[in-house]
Amino acid sequence: MSLKLANIAKRFGAFTALHDISLRARPGEFLALLGPSGSGKTTLLRIIAGLEAPERGTVYYEGEDITHLSVAERRIGFVFQQYALFKHMTVAENVAFGLSVRRRERPARRAIKRRAQELLDLVQLGGLGKRLPAQLSGGQQQRVALARALAVDPQLLLLDEPFGALDAKVRKELRHWLREFHDQVGLTSIFVTHDQEEALEVADRVVVMSNGAIEQVGTPSEVYDNPVNAFVFDFVGESNCVPVIAADGHAVFRGRILDVETAGLRGAGALYFRPHDVRLGAAAELGLPATVAAVRRREGRIRVEAGIVGLPGPIELDLLPDGAPSPGEAITIMPTNARLFPVATIHEAAA
């Protein structure tokens, strides 16, 4: 099932939460809305669900205008960050709740019970139907919330920071499970997160948002490897930023020419590169002169913090253990896959 948003805008008093958002979700796609707090991603999700009304714009589902339909009429499943389970009901009763309160087309009691058990089996909690939510772990409660959202046979599944209340290990386990589950049920799903690692790992496409606007839409590889502006480069993945001057086809840092493609840019700019996209060279080579401040083990690589004269904070590098420098050593940092953005672009993205 496909979803289309056309020119969606939303204000809360004097605050503009969304600026003219247009977006498509493809049938069966897992789409991630990624951005910092205040970027508008949850507001957009609530408009899709019918929990908020846009001031302008249209929501289409399978080509039908559903902008003014009620929540119940949209047949959308919604999974909240805090689960919102009924504490006094058993797990099975929580899952069955949406079916049991239907005024129209309410199934028979036996059919409701059978459907609840099928969904608990689907989310791998088949033997826990008689327990209360308080007797489950956080990860198990989140699966119950997902089963409850699926009970009403939704046409679209929306998830708002579904792992936000869980610890890091459980989050990682659940996002693997959620991706496999999505592929199994085949629903079109939209997932809100501020965690870029989560979005890159789970989603088919990522919608990067900032200040109520869409910065970039693309596959995880596209937004990570080919960010369209400085905001996306900085927000999606780790990065270093060095102020430079672009002139005559060269990027210059404190009088030192860098071996970096300027793409025709001139004037003040910012050079962005990933910690792993570097190599170290001799002092005479074109690069950034630095002094190693700290060396730490980081799984299979070495994280190096290096100070550069004129920069307020350290540059971070990820290197292989063999040949890693020592604290106090003078090095030359040569970015191997850097992007240069004009300063104006950076200011616009951060405004």
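Just give me the residues in region 63-90 being farther than 21 Å from D160 by Cβ and under 30 Å from the mean Cα position of the chain (by Cα), in sequence order. Walk me through how you get there before you give the answer.
Our first condition is that a residue be farther than 21 Å from D160 by Cβ; within region 63-90, this holds for 63-65, 68, 88-90.
Those that are farther than 21 Å from D160 by Cβ and under 30 Å from the mean Cα position of the chain (by Cα): G63, E64, D65, H68.
Is there a residue in region 335-343 that is open to solvent by less than 30 Å² (accessible area, probe 1.4 Å), closer than 19 Å to E238 by Cα, of a type outside the set (A, V, I, L, M, F, W, C) and touching a residue at least 40 places away in the same chain (Cβ under 8 Å)?
yes
Is it fair to say A108 is open to solvent by less than 30 Å² (accessible area, probe 1.4 Å), at pLDDT below 90 and over 27 Å from the mean Cα position of the chain (by Cα)?
Considered against the rule, which asks whether it is open to solvent by less than 30 Å² (accessible area, probe 1.4 Å), at pLDDT below 90 and over 27 Å from the mean Cα position of the chain (by Cα), A108 comes out as no.
I need the helices (runs of 4 or more DSSP H) fully contained in region 34-112, keeping only those with at least 2 residues that are among the β-branched types (V, I, T).
Details: elements: 41-49, 71-74, 91-100.
Of the helices (runs of 4 or more DSSP H) lying wholly inside region 34-112, those with at least 2 residues that are among the β-branched types (V, I, T) span 41-49, 91-100.
Could you please let me know if Q155 is of a type in the set (S, T, N, Q), under 28 Å from R109 (Cβ atoms), surrounded by fewer than 19 Cβ atoms within 10 Å (Cβ to Cβ) and at pLDDT 90 or above?
Details: of a type in the set (S, T, N, Q): yes; under 28 Å from R109 (Cβ atoms): yes; surrounded by fewer than 19 Cβ atoms within 10 Å (Cβ to Cβ): yes; at pLDDT 90 or above: no.
No: the conditions fail for Q155.
Working carefully through the options L146, L136, L150, L119, find the one that is farther than 24 Å from T43 by Cα, buried (at least 19 other Cβ atoms within 10 Å of the Cβ) and under 30 Å from the mean Cα position of the chain (by Cα).
L119
Give the residue that is modelled with the lowest pLDDT, with candidates limited to residues of region 273-302 that are charged (D, E, K, R) and open to solvent by 20 Å² or more (accessible area, probe 1.4 Å). Break it down stepwise before answering.
Here is the first cut: in region 273-302, the ones charged (D, E, K, R) are 274, 277, 279, 285, 296-299, 301.
Applying the additional criterion that residues be open to solvent by 20 Å² or more (accessible area, probe 1.4 Å) yields 277, 279, 285, 296-299, 301.
On the way: D277: 95, R279: 90, E285: 73, R296: 93, R297: 89, R298: 83, E299: 78, R301: 89.
In this case the residue turns out to be E285.
Could you identify the single residue in P321, P312 that is modelled with pLDDT under 95, open to solvent by less than 60 Å² (accessible area, probe 1.4 Å) and not in a strand (DSSP E or B)? Steps first, please.
Numbers: P312 fails: open to solvent by less than 60 Å² (accessible area, probe 1.4 Å).
Testing whether each residue is modelled with pLDDT under 95, open to solvent by less than 60 Å² (accessible area, probe 1.4 Å) and not in a strand (DSSP E or B) leaves just P321.
Which residue is nearest to the chain's Cα centre (by Cα), if the candidates are limited to region 263-272 and must be in contact (Cβ under 8 Å) with a residue 60 or more places away in the chain and exposed (fewer than 13 other Cβ atoms within 10 Å of the Cβ)?
Within region 263-272, the first condition is being in contact (Cβ under 8 Å) with a residue 60 or more places away in the chain, and the residues that meet it are 263, 265, 267-272.
This time we only want the ones that are exposed (fewer than 13 other Cβ atoms within 10 Å of the Cβ), so: 263, 267.
Details: A263: 29, G267: 33 Å.
Filtering region 263-272 for residues that are in contact (Cβ under 8 Å) with a residue 60 or more places away in the chain and exposed (fewer than 13 other Cβ atoms within 10 Å of the Cβ), the one nearest to the chain's Cα centre (by Cα) comes out as A263.
Given (1) small (G, A, S); (2) under 19 Å from Y272 (Cα atoms); (3) at pLDDT below 95, where does A306 come up short, assuming only one miss?
(3)
I'm trying to understand the selection: among the residues of region 3-50, which are under 20 Å from the mean Cα position of the chain (by Cα), of a type in the set (G, A, S) and surrounded by fewer than 16 Cβ atoms within 10 Å (Cβ to Cβ)?
S22, G28, S37, G38
The values are calculated or read from the model by the stated rules, or taken from the named source; none is laboratory data. Please read these numbers as outputs of a predicted model, since none were measured by experiment. Glycine also receives a Cβ, built like all others from the backbone with ideal geometry; neighbour counts cover every protein chain displayed. Side chains included, ligands, DNA and RNA excluded: accessible areas come from the protein's heavy atoms. Shrake-Rupley method; radii C 1.70, N 1.55, O 1.52, S 1.80 Å.
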